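Quick notes on the structure that follows.
The values are calculated or read from the model by the stated rules, or taken from the named source; none is laboratory data. None of the values given here were measured: they were computed from a predicted structure. As a convention, Cβ positions derive from the backbone with ideal geometry for all residues, glycine included, and neighbour counts pool all protein chains shown. Surface accessibility is based on the protein's heavy atoms, side chains included, excluding ligands, DNA and RNA. Shrake-Rupley method; radii C 1.70, N 1.55, O 1.52, S 1.80 Å.
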Amino acid sequence: MNDRLRRALVADGGPLSGAVIQRLSGVSGGCIHQSWRLWLEDGRSFFAKAGDTSVEAMLAAEAEGLTSLRQWADPALLVVPEPLMPVQRLGSDVVLLLPWLDLSAGDQRQLGKGLALLHQASAADHPGRFGWSSDGFIGAGPQPGGWSSSWGEAFVELRLRPQIRLAAGWGLQAEELEPLLQSLGSRLDLHQPLPALIHGDLWGGNAAVLPDSRGVLIDPAVWWADREVDLAMTRMFGGFSRSFYEAYEQVEPLPATAESRVEIYNLYHLINHANLFGGSYQNQTIQSLKYLSSQIL
């Protein structure tokens, strides 16, 4: 953390006005912004994400997502950190400030139950449409806003098609995929899920457990979608235990047909990874598209 930003945090009118930063330590994991743990003289501890003004929209979307998830999360089971201020510009830096959470590798039962209750509670008071009110991000990739009363249309038009357009840059032919996209939309419409507020980027690095066994969700890419989208992504890279899935199913059992949609929902994340990182993700995307075509067309 540069001295300019450190002074701005505690200056009059700053988010930690009047406080004394006793020490700080860099936190690894961010490839777009930088992160630190801050220890204050009064014993409080915070997590700060910062970058130049190019990350302002990204940090603002993260803060909005965290605030939205908190509305539906049961804090006795599932902790979603509360932004301690709106995302602020401090000179040439932009900062998101969150409470520091000590994470552990404990049992994920409460994480699974808490996620199921979040999905359940939000679906009971859903907006009647799928989508989100503003443009956001999936990792560093774009996640367009917009709404649709059709689940198939929302997933194809708001999620798959924008990523496929970007994938033209490495050779994916959008026009060749049109029959598959049409079929996917029709198949998802037959499913008819209720809109639920989902985390949206639920891989193992964005979920954790506290020492008291409560679950934690961080770094969301929220939108109103089929709850199965979250469960599908938990299987993309692993990191979720049997107790997580058992606890989820005890609250909100998945339909028998859920397995048939895992490949469809994870296609979105595969293409996004291919667009961001290239390499083997491009090959995995092509293989997934071939598999889905063989199953659906």
Filtered residue count, segment 21-57, keeping only those that are among the aliphatic types (A, V, I, L, M), at pLDDT 90 or above and open to solvent by 40 Å² or more (accessible area, probe 1.4 Å): 1
Residues within segment 193-247 that are modelled with pLDDT of 95 or more, open to solvent by 40 Å² or more (accessible area, probe 1.4 Å) and at positive phi, tallied: 2
Residue match in segment 141-159 (condition: of a type in the set (F, W, Y), closer than 20 Å to A63 by Cα and within 20 Å of the chain's Cα centre (by Cα)): no
Strands (runs of 3 or more DSSP E) wholly inside segment 86-195 that include at least 2 residues being under 21 Å from A221 (Cβ atoms): 93-99, 130-132, 136-138, 141-143, 146-148
Unmet requirement for L166, which otherwise passes all of (1) of a type outside the set (K, R); (2) farther than 16 Å from A225 by Cβ; (3) in contact with a Leu (Cβ under 7 Å, 6 or more places away or on another chain); (4) crowded, with 16+ Cβ neighbours inside 10 Å: (3)
Residues (open to solvent by 50 Å² or more (accessible area, probe 1.4 Å) and among the β-branched types (V, I, T)) located in segment 279-297: I286
Number of positions in segment 250-278 that are of a type in the set (G, A, S), over 17 Å from D230 (Cβ atoms) and open to solvent by less than 50 Å² (accessible area, probe 1.4 Å): 2
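Conditions (1) at pLDDT 95 or above; (2) under 30 Å from R7 (Cβ atoms); (3) small (G, A, S), marked per residue:
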position: V95; (1), (2), (3): no, yes, no
position: L115; (1), (2), (3): yes, no, no
position: W151; (1), (2), (3): yes, no, no
position: V156; (1), (2), (3): yes, no, no
position: A174; (1), (2), (3): no, no, yes
Members of segment 140-161 found to be of a type in the set (G, A, S), in contact (Cβ under 8 Å) with a residue 24 or more places away in the chain and open to solvent by 40 Å² or more (accessible area, probe 1.4 Å), listed by number: A140
In segment 211-261, residue nearest to the chain's Cα centre (by Cα) [restricted to those that are within 13 Å of L115 (Cα to Cα) and among the basic types (K, R)]: R227
Failed item in (1) among the acidic types (D, E); (2) farther than 21 Å from T67 by Cα; (3) out of contact with any Phe, Trp or Tyr (no Cβ under 7 Å at 6 or more places or on another chain), with D219 passing the rest: (2)
